[in-house]
1. Treating cross-link reach as a plain straight distance, find the aspartates and glutamates whose alpha-carbon is under 13 Å from the alpha-carbon of residue 57, omitting any fewer than eight places away in the same chain.
2. Tally up the carbon and sulfur contribution to the accessible surface of the chain as a whole percent, 1.4 Å probe, everything protein left in place.
3. What is the helix-to-structure angle for 33-45, meaning the angle in degrees between its Cα long axis and the longest Cα principal axis of the chain, kept from 0 to 90 and rounded to the nearest 10?
4. Which chymotrypsin sites (Phe, Trp or Tyr not before Pro) in segment 1-85 sit in a loop by DSSP (not H, G, I, E or B) and have at most 13 other Cβ atoms within 10 Å of their own Cβ?
5. Where in the chain lies the longest segment free of trypsin sites (Lys or Arg not before Pro) that are both loop residues by DSSP (not H, G, I, E, B) and have at most 15 other Cβ atoms within 10 Å?
6. Where in segment 38-82 is the amide nitrogen less than 18 Å from a point lying 7 Å along the Cα-to-Cβ axis of residue 5?
7. How many Å² of accessible area per residue for segment 15-65, probe 1.4 Å?
8. Looking at [x] 5.7; [y] 6.2; [z] 6.7, which value of mean projected area of the Cα convex hull in nm² comes from a calculation on the structure shown?
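The values are calculated or read from the model by the stated rules, or taken from the named source; none is laboratory data. Here the structure is a predicted model, which means the values were calculated and not measured. Heads up, the Cβs are rebuilt from the backbone with ideal geometry, glycines too, and the neighbour counts pull from every protein chain shown. To get the accessible areas, we keep the full protein, side chains included, count just its heavy atoms, and leave off ligands, DNA and RNA. Shrake-Rupley method; radii C 1.70, N 1.55, O 1.52, S 1.80 Å.
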Amino acid sequence: SCIPKEIFVEVIKSRFTTLYLLFDNDYNNPDNPGRKFAIGFAKQFNVIHIEIPSEYKSKDYSDLVKNHGAEKAKEILKKLIKNDKN
């Protein structure tokens, strides 16, 4: 739970046309602090928040790979990015 400094975020934003933010989806916690933090962070820095759907029972990308394999995880991530662009 490290919050990057604003200058770091601005440098990254200057290097890329689109930034996606993928924080933990604490789907099994009713308060889902990962989601809450990501939403606020995305608004503050004007970046795009994407989230692993709860149906995959994976709070982060490493869990997604572990639970579903690298190819399926990549497919899911690409779908999340594609859905954002529509």
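1. 24, 26
2. Details: 3340 of 6230 Å².
The C+S portion of the solvent-accessible surface of the chain is 54 percent.
3. The helix 33-45 is inclined about 30 degrees to the chain.
4. On the way: sites: 8, 16, 20, 23, 27, 37, 41, 45, 56, 61; in loops: 16, 23, 27.
In loop regions of segment 1-85 (DSSP not H, G, I, E or B), the sparsely surrounded chymotrypsin sites (Phe, Trp or Tyr not before Pro) are 16.
5. On the way: sites that count: 5, 57.
Answer from the scan: 6-56.
6. Those under the cut-off are 45.
7. Working: 3190 Å² over 51 residues.
Heavy-atom accessible area per residue stands at 63 Å².
8. The calculated read-out lines up with [y].
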